[in-house]
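Some notes on the structure that comes next.
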Amino acid sequence: MPPKPSGVLAPERAAGHTALLIIDMINCWDFPDADKLLPRAAAIAPRIAALKARCRKAGVPVIYANDNRGRWRSDFPALVEESLANNSAGAGVTRTLQPGPDDYFVLKPKQSAFFGTPLELLLRHLDARRLILTGVASDQCVLVTATEAGMRDLAVVVPRDCVASQSASRNDIVLRQLEEFQKLPTTPSSRIRLVPRRRGA
């Protein structure tokens with residue numbers, strides 16, 4: 001079950017004009033190659049959780065972007081519940097990254113977190129101009145989302161320790177692509193600078 005409301009309102013404006021995007025980590029892992037991707041997702045989940053905790057403390061909003069998997073009557077709370085009831089490894093990832101009542105979410109029909117979703121409008125509402133992209137798969141949904149973010153003139157950081165693909169070699173290839181061809185930083189999550197929210201803001 002999602003945690004009870006904390007009483008802390010989600011920020012109306014993103015501290016440091018930054019938002020954290022967690023892609024496809026809340027999942028039932030019932031797709032082809034899921035058996036290869038799930039262990040790697042489980043390995044990065046604690047690091048994403050630590051980054052999320054830092055973001056929340058700094059007033060940086062957290063947005064979950066997840067596939068609707070062609071289920072047009074689905075919603076995010078139902079996906080969380082289904083994931084928690086699923087196999088133990090997938091449920092463990094969801095428990096590690098349990099969405100809070102102050103977090104945001106979008107459901108996406110395709111790989112990009114922008115295509116067919118209100119993400120662009122949400123970022124505009126939050127005045128977020130920099131995205132920290134985390135999650136899976138790095139060479140599919142993360143890569144496409146990073147590309148589309150760049151097309152919208154958003155700054156993008158992809159922390160190398162918070163993304164994964166079906167194999168280490170595939171992940172290394174896309175990280176090199178992001179760095180060399182798209183000129184995006186892949187700074188480790190612990191070294192990403194977050195601007196704290198000012199008191200009274």
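Some notes on this structure:
- Residues located in region 149-201, provided they are under 24 Å from R13 (Cβ atoms), touching a Leu at 6+ places or on another chain (Cβ under 6 Å) and of a type in the set (V, I, T): V156, V158
- Within region 50-130, helices (runs of 4 or more DSSP H) holding 1 or more residues that are closer than 18 Å to V157 by Cβ: 119-126
- Scanning region 107-135 for residues that are surrounded by fewer than 23 Cβ atoms within 10 Å (Cβ to Cβ) and more than 26 Å from R170 (Cα to Cα) yields a total of 11.
- Qualifying residue in region 136-155 (condition: crowded, with 21+ Cβ neighbours inside 10 Å and closer than 19 Å to G59 by Cβ): no
- Considering residues of region 133-150 that are in contact with a helix residue (DSSP H, G or I) (Cβ under 6 Å, 6 or more places away or on another chain) and without any contact (Cβ under 8 Å) to a residue 60 or more places away in the chain only, the residue nearest to K52 (Cα to Cα): S138
- For region 115-132, a tally of residues being farther than 16 Å from L184 by Cβ and either free of Cβ contacts under 8 Å to residues at least 24 places away in the same chain or of a type outside the set (D, E, K, R) (or both) returns 12.
- Selected residue (only one of R170, R176 is in a helix (DSSP H, G or I), within 25 Å of P39 (Cα to Cα) and free of Cβ contacts under 8 Å to residues at least 24 places away in the same chain): R176
Values in this text are rule-based calculations from the coordinates and carry no lab data. Computed from a predicted model, the values in this text were never measured in an experiment. Positions of Cβ are generated from backbone atoms using ideal geometry, with glycine treated the same way; all protein chains shown enter the neighbour counts.
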